[in-house]
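A short worksheet on the structure shown next.
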Amino acid sequence: SPPSTLSPFPCAVNGLQARTFGVWTLLSSVIRCLCAIDIRNRTLYYITLFTFCLALAHFLSEVFIYRTAALTIGVMAPLMVASFSMLGMLIGLQYLEVEELSQKKKKN
């Protein structure tokens, strides 16, 4: 169907942009699964945390800066997942540090 003339962004997403976003989603899910498998890998943990930060920033910017998305359930769901995941990972980060310190003490 032809683009609506009522929308301020009638052609906001084309096929290339949709596929790029799909590849980004796939890549971030692979990173998150790898982190779940090897959760003690500090570098992978930080990269995974960063993927949630990027997702949160992306959706917040689309809603509040660019105004290309509305606060519907389709946007609220990834905002909540990213927020709660970041919070959980930040809390979990202190346990990684404690575990790392206890392993160093065992070696000495």
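The values are calculated or read from the model by the stated rules, or taken from the named source; none is laboratory data. Values in this document were obtained by computation on a predicted structure and should not be read as measured data. In this analysis, Cβ positions are derived from the backbone assuming ideal geometry, glycine residues included, and neighbour counts consider all displayed protein chains. What goes into the accessible areas is simple: the full protein's heavy atoms, side chains included, and nothing from ligands, DNA or RNA. Shrake-Rupley method; radii C 1.70, N 1.55, O 1.52, S 1.80 Å.
Brief remarks on what is shown
- Of all positions in the stretch 20-40, at least one carries a residue that is among the basic types (Lys, Arg) and surrounded by 13 or more Cβ atoms within 10 Å (Cβ to Cβ).
- Test: residue in the stretch 61-79 that is out of contact with any Gly (no Cβ under 9 Å at 6 or more places or on another chain), part of a helix (DSSP H, G or I), under 21 Å from Tyr46 (Cα atoms) and open to solvent by 80 Å² or more (accessible area, probe 1.4 Å): no
- Scanning the stretch 41-53 for residues that are surrounded by 12 or more Cβ atoms within 10 Å (Cβ to Cβ) and among the polar types (S, T, N, Q) yields Asn41, Thr48, Thr51.
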